[in-house]
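This report refers to the structure that appears directly beneath it.
The values are calculated or read from the model by the stated rules, or taken from the named source; none is laboratory data. Everything numeric in this text was worked out from a predicted model, so none of it was measured. Every residue, glycine as well, gets a Cβ built from its backbone with ideal geometry; the counts of neighbours run over all protein chains shown. Side chains included, ligands, DNA and RNA excluded: accessible areas come from the protein's heavy atoms. Shrake-Rupley method; radii C 1.70, N 1.55, O 1.52, S 1.80 Å.
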Amino acid sequence: MSQAFAALWASIVRTVVPIIVGAVLGFFASTSIPLDPEFEGLLNTVLTLLLTTAYYVAVRLFETYVSPKIGWLLGWAKSPDSYSAGNASDLQVSKSGIYHVVTEQDPDPNGQQE
């Protein structure tokens, strides 16, 4: 398996697992709420979206700031950043708020010479 395909597969797994977790949590949360049948589908969809987002953000924050081992909760232990243009440490933000990769030829993210 090539490195690019492995990174692609890891990113797909890390996207699908939180969706599944959010859907299951949304289903169980919506079954305990008595509601008109017309709105059950909408409630389940909204709960799934909110719980999926909360789950993904929480796991990514814990993975980043507590321990990389927590990444297993997304289905893959390591964040698949090997197919990006550079490492996250190479990214800088310009004054306009745009991220870009800093290279040796362009050390200043604002494009200004000192």
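Determine which single condition ALA7 fails, assuming it passes every other condition in (1) in contact with a helix residue (DSSP H, G or I) (Cβ under 8 Å, 6 or more places away or on another chain); (2) touching a residue at least 60 places away in the same chain (Cβ under 8 Å); (3) of a type in the set (A, V, I, L, M, F, W, C).
Tallying (1) in contact with a helix residue (DSSP H, G or I) (Cβ under 8 Å, 6 or more places away or on another chain); (2) touching a residue at least 60 places away in the same chain (Cβ under 8 Å); (3) of a type in the set (A, V, I, L, M, F, W, C), ALA7 fails exactly one: (1).
Does SER84 satisfy being under 24 Å from THR15 (Cβ atoms), among the hydroxyl-bearing types (Ser, Thr, Tyr), assigned to a helix (DSSP H, G or I) and at pLDDT below 55?
It is false that SER84 is under 24 Å from THR15 (Cβ atoms), among the hydroxyl-bearing types (Ser, Thr, Tyr), assigned to a helix (DSSP H, G or I) and at pLDDT below 55.
Is it the case that SER89 is part of a helix (DSSP H, G or I) and modelled with pLDDT under 55?
Yes; evaluated as a whole, the condition is true for this residue.
Whether any residue in region 34-52 is surrounded by 13 or more Cβ atoms within 10 Å (Cβ to Cβ), modelled with pLDDT of 55 or more, among the small types (Gly, Ala, Ser) and at negative phi is what I want to check.
no
Residues being over 19 Å from TYR56 (Cβ atoms) and open to solvent by less than 90 Å² (accessible area, probe 1.4 Å): count how many of those fall in region 1-31.
Looking only at that region, the number is 5.
Of PRO37, PRO18, which residue is of a type outside the set (A, V, I, L, M) and over 17 Å from LYS78 (Cβ atoms)?
PRO37
Filter region 55-75 for residues that are surrounded by fewer than 14 Cβ atoms within 10 Å (Cβ to Cβ) and assigned to a helix (DSSP H, G or I) and give the result.
VAL57, ALA58, LEU61, THR64, TYR65, PRO68, LYS69, TRP72
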